[in-house]
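What follows is a set of notes on a single structure, which appears directly below.
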Amino acid sequence: MDFFAPVIDGFGTVLEPGNLLYCFIGVLVGMLVGVLPGLGPSATLAILLPLTFGLEPVTAIIMLAGIFYGAQYGGTITSVLLRLPGEASSVVTVFDGYQMAKQGRAGTALGVAAIGSFIGGTAAIIGLTFLAPLIASFALDFGPPEYAALALLGVTLVATISSGNKIKALIAAALGVFLAMVGRDVFTGTERFTFGNLSLGDGIDFVIVAMGLFGVGEILYNLEERHRASAPPKKVAHVWPTKNDLRRSSGAIGRGSVLGFLLGILPGGGATISSMAAYGVEKKIAKEPSRFGKGAIEGVAGPESANNAAATSSFIPLLSLGIPANATMAMMFGALLIQGITPGPLLVSDEPELFWGVVNSMYIGNILLLIMAIPLIGVFVKVLSVRPAILAPITVLITLIGAYTVKNSVFDLVLLVVFGLIGYLMKKTGFEPGPLVLAFVLAEMLESNVRRSLLLFEGHLAEVFTRPITVSLLALLVVVVVLPMVKTLLDRAKSTPVSKEEKGLHV
Amino acid sequence: MMSNPASGEPIDDLKLEEAETPDELLALWEAEGPAPSGGIANLVACMVTGALGVTGMVLSWNLGLGSLVDPGPGFFPFAVALIAAVLSAAQIFLGRRGGDGEKFTSYSTMVVWGVLSLAIFVALLPLIGFEIPSLLLSFVWMKFLGGETWRSATIYSLLVVAAFYAIFVAALRTQIPHLF
């Protein structure tokens with residue numbers, strides 16, 4: 001029972017009324033910003049990050065969990081009502097969700113999506129509760145070489161699994177690591193790349209980079225995209241699924257939850273792959289596959305359960321190894337660092353209260369999401385019917401004022417606008433901002449462990465081969481980086497035009 | 001939302017309703033999406049990242065690379081800048097036909113004005129507080145970038161600034177500079 005004592009204690013903290021209130025606010029604002037067309041979970045987290053500053057660490061995490069789940073669900077709402085997926089993982093929801101909306105069953109689609117998300121998410125948290133401490137205890141023996149290999153793997157996997165051009169993603173990742181080098185070198189105290197600017201002495205703030213690239217960058221991109229045709233939101237009625245709907249979806253929810261959990265642990269596009277896999281599975285085992293794409297409820301239930309389960313299980317590598325598996329996790333990683341919490345194997349043993357605070361707040365966030373999503377759907381439809389021309393300046397002002405309040409620094413605002421412009425230009429030129437932000441977050445871990453390893457090996461790189469875990473991780477890295485590169489070269493040789501399937505998706 | 005702010009033409013709602021199957025939908029998204037940028041955009045973008053890489057290498061070199069036994073402060077940045085430079089060079093060649101990203105269109109000028117308005121906001125904020133810059137920014141984004149009418153842009157801008165004042169100054173008491 002020793003295992004459960006801190007888990008139960010953690011619930012005590014999370015269930016304090018003040019903390020519940022912050023979780024509630026988190027889910028609400030997460031959904032409100034998440035439904036704004038074009039703003040996916042990463043952008044929503046980036047814009048709302050300053051809200052959690054100045055709170056107690058546990059309270060801040062609880063609020064973040066709320067924002068995280070709210071933002072995830074926000075993407076589902078736009079998929080169903082506007083046919084605009086908030087992020088890649090809710091693309092497949094559009095296929096049947098929007099068809100259901102056209103048939104006047106938008107409410108049912110959203111209701112089933114909320115229930116599926118809740119079940120998938122909760123199942124994944126239960127898995128995480130048992131699995132994360134196990135992996136963390138295994139990783140306790142890791143030394144600098146293992147961490148260096150792990151961080152390198154984290155950066156390259158996300159860069160190469162991402163949709164779009166892999167080489168450009170790797171270039172973005174390399175530049176992200178370089179940007180993080182600005183400021184004082186922790187080993188020697190030397191100022192690096194500050195050009196004598198005092199404001200850069202402590203380095204560039206992660207929050208500013210993320211808010212600029214994800215927040216302002218997306219808003220600017222949407223300014224240009226807004227003229228494009230978009231359907232008015234579909235009417236929503238009958239939010240509560242009928243018994244028949246639930247019976248049809250229950251199998252899909254179960255299968256989606258398991259699939260999502262398993263695929264979500266893998267770094268890279270866990271949630272995206274799992275939602276597509278879940279859709280494929282449902283279509284394959286259905287008695288009438290022809291119903292899919294025409295409003296089949298399983299086509300919403302399966303992928304939505306899967307992407308929420310995957311979004312949750314991607315917390316496992318973050319909390320047990322300290323490796324964010326995707327851009328959204330990079331945002332959570334940065335947010336936790338700001339609260340003085342370093343996600344990693346030591347977290348569960350050294351600071352069990354915080355670790356279980358994080359895990360338990362996810363249970364609560366998920367429950368609150370279920371409770372709030374269905375009754376509030378009407379409110380979100382109202383938000384969606386506000387013209388983007390009016391919403392855009394509001395979101396940009398929230399971002400600007402939020403970024404200012406981080407350190408009350410005008411210099412940060414200058415950086416914010418610069419990174420916003422960079423984020424926009426990256427999107428236009430086919431560089432994804434996700435790998436840059438992720439690499440920026442992992443850079444410190446990567447550099448310090450590489451340098452420590454070199455000191456440890458006394459310059460003899462061959463010493464790496466005495467460490468089996470490092471060798472396996474590096475071997476995996478070669479497979480992951482070399483194989484896609486070879487594939488790219490082969491594709492180019494055939495000179496097939498680049499698929500634009502993933503176009504129009506937002507971070 | 002129902003009309004094109006640039007031309008005022010009603011949107012082809014019929015086309016939106018046509019897409020029935022996932023395949024048709026993906027095809028429609030492809031058709032609706034902007035054209036991919038060409039080889040020149042790839043060349044320019046990768047020359048910029050390549051130049052950043054080379055600059056990074058030079059700056060890192062000046063910091064001192066140290067040795068494998070005792071890496072200096074410039075060692076690691078040099079390595080990542082080298083990777084960025086090499087990959088950019090490779091991409092200049094591999095991407096010479098273009099195909100990534102999106103073409104800049106006449107709508108891209110809206111982003112120029114957007115960035116300019118943000119820069120003006122940041123420049124004015126420490127001098128005269130957030131109220132007037134916010135009002136200007138809202139108005140410009142609503143009227144000129146969003147195609148709202150004079151009346152609605154004026155009313156909504158005033159409402160937005162009043163709401164922000166209530167939230168960030170009166171309620172949350174943030175340190176944001178303010179006139180009143």
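Observations, loosely collected:
- Of all residues in the stretch A:426-442, those being more than 14 Å from A:Ala43 (Cβ to Cβ) and at the interface with chain B (Cβ under 8 Å from one of its Cβ atoms) number 4.
- Residue satisfying all of: in the stretch A:80-102; of a type in the set (S, T, N, Q) and more than 15 Å from A:Glu298 (Cβ to Cβ); modelled with the highest pLDDT among these: A:Ser90
- Count - residues of the stretch B:20-43 that are more than 8 Å from every other protein chain (Cβ to nearest Cβ), over 30 Å from A:Ala296 (Cα atoms) and in a helix (DSSP H, G or I): 3
- Looking only at the stretch B:60-72, and only at residues there that are more than 7 Å from chain A (Cβ to nearest Cβ) and outside any loop (DSSP other than H, G, I, E, B), the one that is surrounded by the most Cβ atoms within 10 Å (Cβ to Cβ): B:Ser60
- Flag for A:Val386 being without any contact (Cβ under 8 Å) to a residue 60 or more places away in the chain and either touching a Leu at 6+ places or on another chain (Cβ under 7 Å) or within 14 Å of chain B (Cβ to nearest Cβ) (or both): yes
- Residues in the stretch B:44-103 that are more than 20 Å from A:Glu444 (Cβ to Cβ), among the aliphatic types (A, V, I, L, M) and over 24 Å from the mean Cα position of the chain (by Cα): B:Val54, B:Met57, B:Val58, B:Leu68, B:Val69, B:Val86, B:Ala89, B:Ala90, B:Leu94.
Residues are listed down the side, and each one gets a yes or a no for (1) farther than 24 Å from A:Leu220 by Cβ; (2) touching a Phe, Trp or Tyr at 6+ places or on another chain (Cβ under 7 Å):
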| position | (1), (2) |
| --- | --- |
| B:Leu137 | no, yes |
| B:Gly146 | no, no |
| B:Tyr156 | no, no |
| B:Leu159 | no, no |
| B:Ala163 | no, no |
| B:Phe168 | no, no |
| B:Leu172 | yes, no |
| B:Gln175 | yes, no |
| B:Leu179 | yes, no |
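- Within the set A:Val29, A:Val33, the sole residue that is more than 21 Å from A:Ala325 (Cα to Cα), under 17 Å from the mean Cα position of the chain (by Cα), without any contact (Cβ under 8 Å) to a residue 60 or more places away in the chain and part of a helix (DSSP H, G or I) turns out to be A:Val29.
- Spans of helices (runs of 4 or more DSSP H) in the stretch A:87-205 with at least 1 residues touching a residue at least 12 places away in the same chain (Cβ under 8 Å), within 14 Å of chain B (Cβ to nearest Cβ) and surrounded by fewer than 24 Cβ atoms within 10 Å (Cβ to Cβ): A:91-102, A:144-161, A:166-180
- Residue match in the stretch A:361-370 (condition: within 9 Å of chain B (Cβ to nearest Cβ), within 23 Å of the chain's Cα centre (by Cα) and buried (at least 24 other Cβ atoms within 10 Å of the Cβ)): no
- Residues that are among the polar types (S, T, N, Q) and either touching a His at 6+ places or on another chain (Cβ under 8 Å) or surrounded by fewer than 21 Cβ atoms within 10 Å (Cβ to Cβ) (or both) within the stretch A:408-436 comprise A:Asn408, A:Ser409, listed in sequence order.
- The stretch A:270-296: number of residues that are surrounded by 24 or more Cβ atoms within 10 Å (Cβ to Cβ) and not in a helix (DSSP H, G or I): 1
- Index of the failed condition, A:Gln339 passing every other in (1) farther than 28 Å from A:Glu224 by Cα; (2) among the polar types (S, T, N, Q); (3) buried (at least 24 other Cβ atoms within 10 Å of the Cβ): (3)
Residues checked against (1) among the acidic types (Asp, Glu); (2) within 26 Å of the chain's Cα centre (by Cα); (3) within 30 Å of A:Lys166 (Cα to Cα); (4) at pLDDT 85 or above:
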{"residue": "A:Ala237", "(1), (2), (3), (4)": "no, no, no, no"}
{"residue": "A:Gly254", "(1), (2), (3), (4)": "no, yes, no, yes"}
{"residue": "A:Gly269", "(1), (2), (3), (4)": "no, yes, yes, no"}
{"residue": "A:Thr272", "(1), (2), (3), (4)": "no, yes, yes, no"}
{"residue": "A:Tyr279", "(1), (2), (3), (4)": "no, yes, yes, yes"}
{"residue": "A:Glu288", "(1), (2), (3), (4)": "yes, no, no, yes"}
{"residue": "A:Ala311", "(1), (2), (3), (4)": "no, yes, yes, yes"}
{"residue": "A:Leu318", "(1), (2), (3), (4)": "no, yes, yes, yes"}
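- Residue in the stretch B:133-151 that is of a type in the set (S, T, N, Q) and closer than 17 Å to A:Ile401 by Cα present: yes
The values are calculated or read from the model by the stated rules, or taken from the named source; none is laboratory data. Since we're looking at a predicted model, the values are computed, not measured. With ideal geometry, Cβ positions are generated from the backbone for all residues, glycine too; neighbour counts draw on all protein chains shown.
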